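See below for the structure under consideration.
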Amino acid sequence: MKKIMLLGSGELGRELTISLKRLGCTVVACDRYENAPAMQVADQALVFDMLDEAQLRAHVQDTDPDFVVPEIEAINTQVLLDLEKTRTIVPSARAVDLTMNRDRIRDRAAEIGLPTAKYTYAESLDELLKSYRDMKLRTVVKPVMSSSGKGQSTVEADDEPSAQAAWHHAVENMRGDRPKVIIEEFIDFDYEITLLTIRQKNGETVFCPVLRHEQVDGDFKLSEQGTFDMGALEAKAQDMARRITDDLQGYGLFGVEFFVRGQEVIFSELSPRPHDTGLLTLYTQNLSEFDLHARAILNLPISDITLLRSGACHTINATQAADSYHIENMDKVEAMPQVEAMHFNKPTAYPNRRLGLVFAPDVATAKLARGKIAITYS
Ligand SMILES: Nc1ncnc2c1ncn2[C@@H]1O[C@H](COP(=O)(O)OP(=O)(O)OP(=O)(O)O)[C@@H](O)[C@H]1O
Ligand SMILES: [Mg+2]
């Protein structure tokens with residue numbers, strides 16, 4: 001029986017734990033708070049700060065796992081790089097380390113020749129303003145250390161007060177204590193996609209059918225699969241995803257994000273783990289992104305990825321902070337044909353925290369179902 005140490009125990013970790021347990025694994029779920037979603041289904045739970053070097057080292061040593069599987073970005077990656085001499089890090093310590101911050105993966109993508117938005121970095125307000133003046137473009141400013149759109153702003157060209165505000169917003173919402181932002185050309189894309197890409201030890205790299213998604217303020221709200229056709233652009237994205245994941249090495253599922261504008265496919269960013277937009281594969285595919293990640297980790301063959309039905313999902317987000325809350329009207333949603341609600345069972349709410357989602361056959365039905373849900377707080 002393989003022992004998995006899961007670093008991060010959110011909704012993605014919960015589904016991965018279920019997939020791993022179905023294949024006979026023991027899962028130790030870790031996070032910084034108690035009763036996190038994955039802890040509710042794992043064999044054992046550990047609560048500690050995964051950015052703390054000493055704590056992470058000590059817990060890995062005590063747990064003695066066959067595989068260390070990061071599920072979030074906020075992890076001390078130096079520890080993972082050291083541990084890789086004696087343990088398997090999924091997909092690889094290099095992949096986890098390079099993707100922890102936006103700058104290193106972006107630089108690597110550009111180095112291997114993938115098209116990206118024009119970008120530069122700044123480590124102070126003065127540097128940001130200088131780059132912003134030079135670029136003369138509508139830009140997106142993001143902390144290099146953040147996720148789910150935190151600290152992100154869009155700034156029009158010729159609007160210095162907004163550029164200044166963007167710096168402060170980024171610094172206030174970043175992880176870590178060394179301010180650094182990326183200033184990126186705003187891409188007026190037609191749509192954006194995630195390509196779930198699986199690198200296998202015992203076989204070739206395989207892909208899930210492409211997911212298209214919508215983000216609000218940099219945070220995922222809606223994704224769909226099997227409901228649209230990218231034509232030849234899908235193969236173009238696959239080729240780019242193969243190139244960057246081959247460069248990162250290791251085995252597992254990656255979420256590779258692209259913008260599509262006309263006939264251009266532009267690399268955006270990458271997660272070396274299941275992707276939030278890919279929760280939809282629980283509804284659409286024979287093997288979900290979590291089942292596929294589990295198989296790649298355990299070196300089990302993946303003989304077939306089939307879209308069993310097309311679908312869309314819409315997230316349910318909290319609108320305020322509360323020690324407890326209730327998701328209302330799940331019965332109304334479940335009464336709709338082919339619609340399913342999913343509750344993440346997070347213990348508390350805070351503004352925009354993702355608490356659940358609804359699955360439906362198409363975007364319009366997913367929006368309709370989401371509209372029936374209400375959240376009460378106490
Ligand atoms: N250069 C850009 N041009 C246009 N839109 C952008 C640009 N950069 C980011 N966005 C929008 O913001 C979203 C979030 O950005 P990005 O994926 O870089 O950040 P993130 O915080 O890592 O998000 P997540 O963790 O949810 O993937 C993108 O999916 C896209 O909708
Ligand atoms: Mg993203």
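The values are calculated or read from the model by the stated rules, or taken from the named source; none is laboratory data. For clarity, every value in this text was computed on a predicted model and none was experimentally measured. In this analysis, Cβ positions are derived from the backbone assuming ideal geometry, glycine residues included, and neighbour counts consider all displayed protein chains.
What residue, of VAL216, VAL206, is surrounded by fewer than 22 Cβ atoms within 10 Å (Cβ to Cβ), out of contact with any Gly (no Cβ under 9 Å at 6 or more places or on another chain) and closer than 30 Å to LEU287 by Cβ? Steps first, answer last, please.
Numbers: VAL216 fails: out of contact with any Gly (no Cβ under 9 Å at 6 or more places or on another chain).
Residue meeting the stated conditions: VAL206.
Have a look at ALA157, ALA163, ALA122 and point out the one that is closer than 20 Å to ARG104 by Cβ, within 16 Å of ligand 1 (Cβ to nearest atom) and either of a type in the set (A, V, I, L, M) or surrounded by 18 or more Cβ atoms within 10 Å (Cβ to Cβ) (or both). Don't jump to the end; show me each part of the working.
On the way: ALA157 fails: closer than 20 Å to ARG104 by Cβ; ALA163 fails: closer than 20 Å to ARG104 by Cβ.
Exactly one residue qualifies, and that residue is ALA122.
Tell me whether region 168-178 contains one or more residues that are within 16 Å of ligand 2 (Cβ to nearest atom) and of a type in the set (Gly, Ala, Ser).
Initially, region 168-178 is screened for residues within 16 Å of ligand 2 (Cβ to nearest atom), giving 170, 173-175.
Okay, now just the ones that are also of a type in the set (Gly, Ala, Ser), so 170.
Within region 168-178, one or more residues are within 16 Å of ligand 2 (Cβ to nearest atom) and of a type in the set (Gly, Ala, Ser).
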VAL181 - would you say it is in contact with a Phe, Trp or Tyr (Cβ under 9 Å, 6 or more places away or on another chain) and either polar (S, T, N, Q) or closer than 30 Å to ASP52 by Cα (or both)? yes
Selected residue [at pLDDT 95 or above, among the acidic types (Asp, Glu) and over 16 Å from the mean Cα position of the chain (by Cα)] from GLU234, GLU214, GLU269: GLU234
State all residues of region 251-264 that are more than 16 Å from ligand 1 (Cβ to nearest atom) and under 24 Å from PHE220 (Cβ atoms); if no residue qualifies, say none. GLY252
Condition met for ASP134 (within 18 Å of THR277 (Cβ to Cβ), loosely packed, with under 14 Cβ neighbours inside 10 Å and more than 15 Å from ligand 2 (Cβ to nearest atom)): no
Selection count, region 265-282, where residues are touching a Leu at 6+ places or on another chain (Cβ under 9 Å) and more than 9 Å from ligand 1 (Cβ to nearest atom): 10
Is one or more of the residues making up region 39-48 farther than 17 Å from LEU253 by Cα, surrounded by fewer than 19 Cβ atoms within 10 Å (Cβ to Cβ) and touching a His at 6+ places or on another chain (Cβ under 8 Å)? yes
Quick one: what pairs do we get from region 145-162, first residue hydrophobic (A, V, I, L, M, F, W, C), second assigned to a loop (DSSP other than H, G, I, E, B) and more than 14 Å from ligand 1 (Cβ to nearest atom), C-beta under 6 Å, 6+ apart or different chains? MET145/GLY176; ALA157/LYS136
Out of ILE327, ILE297, ILE244, ILE302, I need the residue that is among the β-branched types (Val, Ile, Thr), modelled with pLDDT of 95 or more and closer than 12 Å to THR197 by Cα. Which one? ILE244
Scan the strands (runs of 3 or more DSSP E) fully inside region 267-378 and keep the ones with 2 or more residues being closer than 30 Å to TYR251 by Cβ. 311-317, 354-360
If you check ILE183 against the conditions, is it of a type in the set (A, V, I, L, M), touching a Lys or Arg at 6+ places or on another chain (Cβ under 8 Å) and touching a residue at least 40 places away in the same chain (Cβ under 8 Å)? no
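Scan LEU248, LEU253 and give me the residue that is within 16 Å of ligand 2 (Cβ to nearest atom), outside the structural domain of VAL68 (by TED's automatic domain parsing) and touching a residue at least 40 places away in the same chain (Cβ under 8 Å).
On the way: LEU248 fails: within 16 Å of ligand 2 (Cβ to nearest atom).
Going through LEU248, LEU253 in turn, just one is within 16 Å of ligand 2 (Cβ to nearest atom), outside the structural domain of VAL68 (by TED's automatic domain parsing) and touching a residue at least 40 places away in the same chain (Cβ under 8 Å): LEU253.
Looking at region 110-119, which of its residues are in a loop (DSSP other than H, G, I, E, B) and surrounded by 17 or more Cβ atoms within 10 Å (Cβ to Cβ)?
LEU114, ALA117
If I ask for residues that are buried (at least 19 other Cβ atoms within 10 Å of the Cβ) and either assigned to a loop (DSSP other than H, G, I, E, B) or within 15 Å of the chain's Cα centre (by Cα) (or both), which ones from region 237-266 would you list? If you could, list the steps in order and put the result at the bottom.
Our first condition is that a residue be buried (at least 19 other Cβ atoms within 10 Å of the Cβ); within region 237-266, this holds for 237, 240-241, 244-245, 248, 250-260, 265-266.
Across region 237-266, the qualifying residues are GLY250, TYR251, GLY252, LEU253, PHE254, GLY255, VAL256, GLU257, PHE258.
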Find the residue count for region 362-378, including only residues that are among the small types (Gly, Ala, Ser), crowded, with 16+ Cβ neighbours inside 10 Å and farther than 9 Å from ALA312 by Cα. 1
How do the pairs read when you match residues in region 321-349 that are in the same structural domain as ARG370 (by TED's automatic domain parsing) with residues anywhere that are part of a loop (DSSP other than H, G, I, E, B) and of a type in the set (D, E, K, R), using Cβ under 6 Å and keeping only pairs 6 or more apart or on different chains? THR348/ASP323
Can you tell me how many residues within region 12-48 are out of contact with any Ser or Thr (no Cβ under 6 Å at 6 or more places or on another chain) and closer than 19 Å to LEU292 by Cβ? 14
